[in-house]
Amino acid sequence: MKQTPIFILFVFWAAFTFSACGISNKEQKEKKRIAAAELRRIDSLAFKTAVTPTIDCLPVFVAKETRLFDTLGVDVRLKQMNAQMDCDEALRKRQVECAVTDVMRAERLKRQGVGISYLTATNAYWQLFSNKKSRIKELRQLGDKMIAMARYSATDYLATVALDSVKPDNPVFRIQINDVIVRLKMLQNNEMDAVMLPEPQATTARIDKHTLHMDSRGRDLRLGAFVVRDEPLSDPRRRQQLEAFKKAYDLACDSINRHGLKHYVDVIKKYCHTDDRTVAALPTISFSHISAPRQTDLDKTKNVKWRTH
């Protein structure tokens, strides 16, 4: 019985301790909630740009890494994605203000009612490779074979251009692989007969000695682009952000052209998920200031008949 008061004191102490911890946990949760809300608020005010691990996005990567955006007073948040389809969805869902794409995709988005305008054309190009183990020497041999591309895109259109020029005896099966990194790996792992690749993935395929069949530059096609959503631009603050973005983009183009791609090895490796050997083998690529897509390229988007196989 003498231990009863001690026991009661222990119970009260334990209850107090647990109660205090409960209050503390509630406070911590509330602090986390407030912090998360503040981060969402800051992110909502930033100029969000959807990018892919491709060389056509290099001016944006360089502007970010060299703090050109910060210097010009614009908070640019890069939303890194491996597929242009994901960039399209981010535009559609109003999750970003700007995104990399191609004119085929952009015009299709416009027809679907997504309010976007062209920010600039890019220097993107695509190359068609067949797997070196498939022993395909000519495009006509792609009949009954699989080609990896993204539907309703520049890669889809270019595949049609290439195949229509030779008209294989049998259908070529178009396999939708939206993720450009996965597309390259499927070629490397001998899981695909042919693939459409941009840079720097195309350079990796060349290094690995896969067979090159077509280069979009040889067809005088410039289909790469960045687009911006129309809706935010009614806000003066967003328009100021866009103007600062443009200035940083042009300054980054000048820097890349002056110093060369190899000056930005670390940036390319970081954002394009590639290696030293690929960066060392990249061809000389020049970058142009902000400029609208050519009308001749936009005309290619009219009356496109997308294949179902």
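The gain in end-to-end length when the residue 284 to residue 89 segment is fully stretched comes to 67.0 nm, 0.36 nm per residue minus the alpha carbon separation. Between residue 185 and residue 294, the contour length at 0.36 nm per residue exceeds the Cα-Cα span by 36.0 nm. Only DSSP H runs of four or more residues enter the estimate; each adds -39500 (n - 2.57), and after division by the residues of the chain the mean residue ellipticity at 222 nm equals -14000 deg cm²/dmol. Taking label positions 7 Å along the Cα-Cβ direction at both residue 75 and residue 231, the computed distance is 2.0 nm, reported to one decimal. For the cross-link pairs 133/302; 209/302; 79/145; 79/132; 167/209, which exceed 27 Å when the distance is taken from alpha carbon to alpha carbon? As for pairs spanning more than 27 Å Cα to Cα, those are 133/302; 209/302; 79/145; 79/132. Here the stretch 179-211 is scanned for amide nitrogen atoms under 16 Å from the site 7 Å beyond the Cα of residue 65 along Cα-to-Cβ, giving 200-201. The residues neighbouring residue 180, those whose beta-carbon lies less than 13 Å from its own, together hold a net charge of -3 under the Lys/Arg +1, Asp/Glu -1 convention. Working from label points 7 Å from Cα in the Cα-to-Cβ sense, the residue 137 to residue 207 distance is 2.9 nm.
If the Kirkwood radius is taken over C-alpha pairs of the stretch 206-309, then at 37 °C and 0.692 mPa s the Stokes-Einstein diffusion coefficient equals 189 µm²/s.
This structure gives volume of the Cα convex hull per residue in Å³, computed directly, and of (i) 172; (ii) 153; (iii) 215 that value is listed as (iii). Among the protein heavy atoms of the chain, carbon and sulfur supply 54% of the accessible surface, probe 1.4 Å, non-protein parts ignored. Helix 154-164 and the longest principal axis of the Cα set of the chain meet at an angle near 20°. Computed 3J(HN,Hα) for the stretch 273-283, one whole-Hz value per residue from the Karplus formula 6.51 cos²θ - 1.76 cosθ + 1.60 where θ = phi - 60°, is 6, 10, 10, 4, 5, 5, 4, 5, 9, 4, x, glycine and proline marked x.
Remark: the stretch 118-212 carries 40 Å² of accessible area per residue (probe radius 1.4 Å; ligands, DNA and RNA excluded).
The values are calculated or read from the model by the stated rules, or taken from the named source; none is laboratory data. Note that the structure is predicted; figures quoted are calculated from it, not measured. Note that we place each Cβ from the backbone using ideal geometry, even for glycine, and neighbour counts take in every protein chain shown. The accessibility values were calculated without ligands, DNA or RNA, using every heavy atom of the protein model including side chains. Shrake-Rupley method; radii C 1.70, N 1.55, O 1.52, S 1.80 Å.
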